[in-house]
Amino acid sequence: MNILLKSVKILDPSNPGLHTKKRDILIKNGKIEKIAVKIDAENKIKTIAEKNLHVSPGWFDGGVNFGEPGFEERETIANGLSTAAKSGFTDVVLNTGTNPVPDGSPDIAFLKNAGKGEATNLHPLGALTVKSEGRDLAELYDMKNAGAIGFYDFKKPLSNGNLLKIALQYVQSFDGLVYSFPLDTKIAGKGNVNEGEVSTKLGLKGIPSLAEELQIVRDLFILEYTGGRLHIPTISTANAVKLISDAKRKGLNVSCSTAVHNLWHTDATLKDFDSDYKTTPPLRKEKDIKALIKGIKDGTIDFVVTDHMPMNIERKKVEFDHAAYGTIGLESAFGALNSIFGAEATVHILTRGREYYALERPEIKEGAMASISLFDPNETYIFAREHINSTSKNSIFLNSELKGKVYGIINNGQLIF
């Protein structure tokens with residue numbers, strides 16, 4: 001498909017020559033052929049000209065769930081990737097929260113094949129342990145060769161510290177990336193929200209920040225001993241940010257992420273017992289949000305994920321204690337981040353993180369393959385069900401005022417607009 005983007009504002013901090021400039025962009029056969037102040041439209045070319053249309057290198061989401069295989073009623077891979085494209089993402093990392101979990105090379109091959117031909121690229125993770133049961137390491141090397149870009153027992157903390165030690169030592173031979181979910185289950189107990197004043201008032205069992213931070217301390221000590229590459233996903237507390245910052249200053253090869261909703265809501269939103277607000281890690285305090293935002297700005301937190309987790313209504317519309325964890329987040333991610341950080345910083349946040357997975361960062365320059373997100377950062381709206389493309393509707397952002405409209409993407413020779 002040949003496309004002409006007219007008078008678009010380019011946001012690309014890595015390209016100072018074009019950053020914040022208005023240009024026409026001509027794309028032919030999936031490649032950026034020309035960037036100029038004015039390009040005349042040719043015959044049989046699709047022209048896109050929208051008021052205040054902005055473009056940036058394609059956005060990256062380091063943590064999504066689609067359900068398939070096993071939970072197709074929540075989200076299929078096809079609809080999940082379509083939702084990601086409409087939300088501005090050209091690349092997503094797929095978590096291992098499926099049934100069966102992907103713990104062998106055939107599973108990774110299935111996921112890679114399911115994502116073929118889509119506008120948004122799918123990069124699967126493999127399970128760290130067999131069936132994500134935390135007892136024996138899975139076929140890590142074989143899965144890496146099949147296309148797995150890291151190893152994660154999704155939302156399941158590894159209680160056996162020796163197994164984490166062995167994993168970190170083993171993957172160094174092929175530069176593998178090991179995930180460790182930050183939760184000490186003995187400290188967390190049967191808690192399901194942040195431990196504090198709100199949990200006490202509501203009579204809900206709490207998870208103290210200590211449960212996250214103790215696990216991180218353990219993992220960082222193991223990493224210091226073994227070497228290797230460790231990723232700590234979806235941190236949520238102020239002390240977690242400090243611990244990882246200190247570890248980076250010591251030279252440890254550790255990266256981390258946080259979820260968009262942990263930057264937006266505090267545990268005060270739980271007052272109505274709405275299970276859409278039940279997440280793991282739980283919503284924390286205002287001081288934690290401030291620390292997370294600071295950590296994103298100074299680079300301690302390497303990237304932000306949507307932690308998109310579709311959940312069928314039967315698992316959510318039950319008593320809060322028994323409700324499933326998780327919220328969808330793809331459709332609301334840009335609007336929430338743009339509301340907090342502004343357009344330029346948000347683009348920087350959404351385009352970083354690929355380097356931890358050895359994925360190439362797209363560029364807006366002549367001769368490059370077009371991998372572009374299209375958006376208007378100025379439109380303000382109330383996020384409603386009509387904005388949800390996911391099969392499941394369990395969004396923590398419903399009725400929130402967000403800023404920024406996403407038009408779609410150009411990627412893999414396809415236009416989603």
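The values are calculated or read from the model by the stated rules, or taken from the named source; none is laboratory data. Everything quoted here is computed from the prediction, not taken from an experiment. Positions of Cβ are backbone-derived with ideal geometry, glycine not excepted, and every protein chain shown enters the neighbour counts. Quick note on the areas: whole protein, heavy atoms, side chains included, nothing else; ligands and nucleic acids left out. Shrake-Rupley method; radii C 1.70, N 1.55, O 1.52, S 1.80 Å.
Worth a mention:
- Enumeration of residues in the range 100-129 that are open to solvent by 30 Å² or more (accessible area, probe 1.4 Å) and either closer than 18 Å to Val305 by Cβ or part of a loop (DSSP other than H, G, I, E, B) (or both): Pro100, Asp103, Lys116, Gly117, Glu118, Asn121
Okay, residues lined up against (1) within 30 Å of His322 (Cβ to Cβ); (2) without any contact (Cβ under 8 Å) to a residue 24 or more places away in the chain; (3) open to solvent by 40 Å² or more (accessible area, probe 1.4 Å):
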{"site": "Lys205", "(1), (2), (3)": "yes, no, yes"}
{"site": "Pro208", "(1), (2), (3)": "yes, yes, no"}
{"site": "Leu214", "(1), (2), (3)": "yes, no, yes"}
{"site": "Tyr225", "(1), (2), (3)": "no, no, yes"}
{"site": "Thr234", "(1), (2), (3)": "yes, no, no"}
{"site": "His261", "(1), (2), (3)": "yes, no, no"}
{"site": "His265", "(1), (2), (3)": "yes, no, no"}
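- Residues in the range 258-274 that are farther than 17 Å from Leu337 by Cβ and not in a loop (DSSP other than H, G, I, E, B): Asp267, Ala268, Thr269, Leu270, Lys271, Asp272.
Here is a yes/no grid of residues against (1) closer than 20 Å to Leu94 by Cβ; (2) of a type in the set (Ser, Thr, Tyr); (3) assigned to a loop (DSSP other than H, G, I, E, B); (4) at pLDDT 95 or above:
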position: Lys131; (1), (2), (3), (4): yes, no, no, yes
position: Asp142; (1), (2), (3), (4): yes, no, no, yes
position: Ala148; (1), (2), (3), (4): yes, no, yes, yes
position: Phe154; (1), (2), (3), (4): yes, no, yes, yes
position: Asn162; (1), (2), (3), (4): no, no, no, yes
position: Ile166; (1), (2), (3), (4): no, no, no, yes
position: Tyr170; (1), (2), (3), (4): no, yes, no, yes
position: Phe181; (1), (2), (3), (4): yes, no, yes, yes
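- Yes/no for Gly97 being at pLDDT below 95, at negative phi and not in a helix (DSSP H, G or I): no
- Among the residues of the range 137-163, those that are within 25 Å of Ile187 (Cα to Cα), open to solvent by 70 Å² or more (accessible area, probe 1.4 Å) and in contact (Cβ under 8 Å) with a residue 24 or more places away in the chain comprise Lys156, Ser159.
- The range 303-402 holds helices (runs of 4 or more DSSP H) entirely within its bounds, and those carrying 3 or more residues that are surrounded by 22 or more Cβ atoms within 10 Å (Cβ to Cβ) and either at positive phi or touching a Gly at 6+ places or on another chain (Cβ under 8 Å) (or both) map to 330-341, 343-351.
- Of residues in the range 67-91 being part of a loop (DSSP other than H, G, I, E, B) and in contact with a strand residue (DSSP E or B) (Cβ under 7 Å, 6 or more places away or on another chain), the one surrounded by the fewest Cβ atoms within 10 Å (Cβ to Cβ): Gly88
- Of all the residues in the range 290-315, those that are modelled with pLDDT under 95 and not charged (D, E, K, R) number 2.
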